[in-house]
Amino acid sequence: MKLYNISLAVLLGLGITLTSCEGKLDVENPNQQITDDFGKLPNELEESVIAAYNHIRMEGTYARVGYTYDVCRGDEVWNSSQVWYQPYDDLNTGIDNEMNQWPWRDWYYTIKVCNFITSKFEDKDNPIEMNDKMKRIKGQALFLRGLSYYNLVGYYQNPLIITDYNLYSELSTLNVPNKQEGDADGFAQYDRVLDLVEGDFKEAMELLPTRELGGEWALGRATSGAAAGYYARSLMQRHKYNDALTVLKDIINGKYGKYELMKNYGDNFREGAAYENNSESLFEVQYLDYGTQGTDDEWTPVNTSANATQGHAIESNFGPGRYSGWADLSASPWLYQLFKAERTTSGGLDPRLYWTIGTYEPEWDGFEFGNVCYTAKMTNGDPVATNDNNGGLPIAKWTNLRTGLYNGITVGLHCGINLRLMRYSDVLLRAAECENEVNGPTQQAIDWINQVRKRAGLADLKLADFNSADKLFEQIANVERPKEFGCEFGRGFDLIRWGFFNTADRLQQLKEHGTFRRSSDKTRIKEEVSYSQVGIDSELKSSYDTYIQGHEFIPIYIGTLNDNPNLVGNSANNSTSNANYFSQKGWTVHPVVSLGN
């Protein structure tokens, strides 16, 4: 199911009261609803839920920068345009960069709609009967609010907490603080926000049906499985591995619906009803297939149109310039070499490489659509670089580079591939990670990893090869997860929760992973690169060499700080290290270990 755009202005429009001078009759327009009246009927709350879904597909949420900022700060991607996104890839953006505000703006717009819905369930004067329909409405609102705050806290560290819909009555009442007396740093608010996130996901998990019980209704909507998956994610963000493991086991055992890996990995990255909302997907953002869309690019929550395209622009950011893409982001050479380092049991390449990075490989002749870039055939002598000036390995995910459907990119909000935000493979690898954290290397952890490897045709891992939790963690964090989720949203969240910005050895590892070559010679895009040559070879650069402490988060925009006198900046605003948070919690950062035998 694709959820269509309904303007918030219609759903939550302010009422107009017609008044006149003293002594004359005041008349209310009976055809104009006011906020107090709207939302008392189930169908009106259902419309509000659809409006909330509509807002998670805006530019600042998932349609472009809200998705790609996290991809940039990860070590699997670099900024091949060296212009757009550069300060986010270099992890040194300033507080006066207006782009900092876009995810903040759009996620708070989503939160406003969710708070409107939840306020109706808190109205003691007009109690709502909690039948199945109302449970689903409230559950979806809580899930989407939890999702909003999960993104906000992962980007901004200490965002505002607004849950009371009455605060929207005046702008001044929205100027709530994000710091309380006694707070030492932004992580006090970070913890409060994640408490809210965990609570919203947990309650949503209990209210929502499984997708099997939801039937047709569940296609494209949040279900108990989606809420459970995100609940586990939010628990892991603060190292609550034992609690998360319980939830993840319940998902695997079918408590929140039946999920399984698709036989073809590539089916997770195609558009169309045959592939989207499939058995591997716990939650995905719904976009209209190309050719069924409107004509108006709807970039912001207030730029609404009944004829919106309802597509995303991630393909435009990832797409090669040769095929009309904006050529902004490319896969890191480290990720490419990681794929090339391990063959399948039949001697072939990992099929996930085909769907992750758009390179020519002799092995791809006869595989899927072959050595294709859109509908054009690639040759070894004519590889496709992302950016004509700086080179780069083209990212294939969330594009039609490998789908064989289109001969190029229609730039803007036009790509119709649903963004799978959580897949069952993530549940399995997270369960393995939690098991390793709680019990050390176990056969159960290995078995969960091997389910994901088996789909790719790789040999099973053996428990005997992992003599410590550090070593198995290294395998999960820097082999299994990058190859399964390479160039997808979430790597930046992982690097933060793992503490990779907090220790010298992990930061050095990021510098090595983030090394790339800027060259107009497209024949060099697949070359191995070495961080040791940065500064010697003028074409080499590492994104993490320019990392400023605290800039694993995005600074809160200076205009936002000026508008709210009660708002304080975060570690990126102040360029301060976040290592103390880990040490105060008693968490350790796994040291870098060799995976060699």
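The values are calculated or read from the model by the stated rules, or taken from the named source; none is laboratory data. All of these numbers come straight from a predicted model, not from anything done at the bench. Every residue, glycine as well, gets a Cβ built from its backbone with ideal geometry; the counts of neighbours run over all protein chains shown. All accessible areas refer to the heavy atoms of the entire protein, side chains included, with ligands and DNA or RNA removed. Shrake-Rupley method; radii C 1.70, N 1.55, O 1.52, S 1.80 Å.
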- Could you give every pair whose Cβ atoms fall below 8 Å, whose first residue belongs to the range 97-116 and is in contact (Cβ under 8 Å) with a residue 40 or more places away in the chain and of a type outside the set (Lys, Arg), and whose second residue is part of a helix (DSSP H, G or I) and open to solvent by 30 Å² or more (accessible area, probe 1.4 Å), counting only separations of at least 6 or pairs across chains? ASN97/PRO87; ASN115/TYR165; ASN115/TYR168; PHE116/TYR165
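Listed here are the residues, each with its yes/no results for (1) open to solvent by 10 Å² or more (accessible area, probe 1.4 Å); (2) assigned to a helix (DSSP H, G or I); (3) β-branched (Val, Ile, Thr).
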{"position": "LYS202", "(1), (2), (3)": "yes, yes, no"}
{"position": "GLU216", "(1), (2), (3)": "yes, yes, no"}
{"position": "ARG221", "(1), (2), (3)": "yes, no, no"}
{"position": "ALA226", "(1), (2), (3)": "no, yes, no"}
- Note on the structure: If we ask which residues in the range 541-587 are in a loop (DSSP other than H, G, I, E, B), open to solvent by 10 Å² or more (accessible area, probe 1.4 Å) and without any contact (Cβ under 8 Å) to a residue 60 or more places away in the chain, their number turns out to be 3
- Scan the range 343-393 for residues that are without any contact (Cβ under 8 Å) to a residue 60 or more places away in the chain, over 18 Å from LYS454 (Cα atoms), among the aliphatic types (A, V, I, L, M) and touching a Lys or Arg at 6+ places or on another chain (Cβ under 9 Å) and jot them down. VAL372, ALA376
- Query: Any idea which residue in the range 458-493 is nearest to LEU338 (Cα to Cα), counting only those that are in contact with a Gly (Cβ under 7 Å, 6 or more places away or on another chain) and of a type in the set (Gly, Ala, Ser)?
  - Reply: GLY492
- Which residues, taken from the range 371-407, are open to solvent by 10 Å² or more (accessible area, probe 1.4 Å) and on the phi > 0 side of the Ramachandran plot? GLY404
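A quick yes/no check of all residues on (1) of a type in the set (Ser, Thr, Tyr); (2) open to solvent by 30 Å² or more (accessible area, probe 1.4 Å); (3) touching a helix residue (DSSP H, G or I) at 6+ places or on another chain (Cβ under 8 Å):
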{"position": "ASP96", "(1), (2), (3)": "no, yes, yes"}
{"position": "MET99", "(1), (2), (3)": "no, no, yes"}
{"position": "PRO103", "(1), (2), (3)": "no, no, yes"}
{"position": "ASP123", "(1), (2), (3)": "no, yes, no"}
{"position": "ASN131", "(1), (2), (3)": "no, yes, no"}
{"position": "SER148", "(1), (2), (3)": "yes, no, yes"}
- Residues of the range 182-193 being under 12 Å from TYR581 (Cβ atoms), of a type in the set (A, V, I, L, M) and not in a loop (DSSP other than H, G, I, E, B), which ones? ALA188
- Can you find a residue in the range 261-278 that is more than 30 Å from CYS434 (Cβ to Cβ), open to solvent by less than 30 Å² (accessible area, probe 1.4 Å) and not in a loop (DSSP other than H, G, I, E, B)? no
- Message: Checking the conditions here, which among THR110, THR93 is part of a loop (DSSP other than H, G, I, E, B), of a type in the set (Ser, Thr, Tyr) and at pLDDT 95 or above?
- Response: THR93
- Return only the number of the condition from (1) more than 25 Å from GLY272 (Cα to Cα); (2) over 24 Å from the mean Cα position of the chain (by Cα); (3) modelled with pLDDT under 95; (4) not hydrophobic (A, V, I, L, M, F, W, C) that PRO301 does not satisfy. (2)
- With respect to PHE367, is the statement that it is under 25 Å from TYR544 (Cβ atoms) and either modelled with pLDDT of 95 or more or buried (at least 21 other Cβ atoms within 10 Å of the Cβ) (or both) true? no
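Can you give me the number of residues within the range 54-80 that are in a loop (DSSP other than H, G, I, E, B) and either within 19 Å of TRP299 (Cβ to Cβ) or among the charged types (D, E, K, R) (or both)?
So the count comes out to 6.
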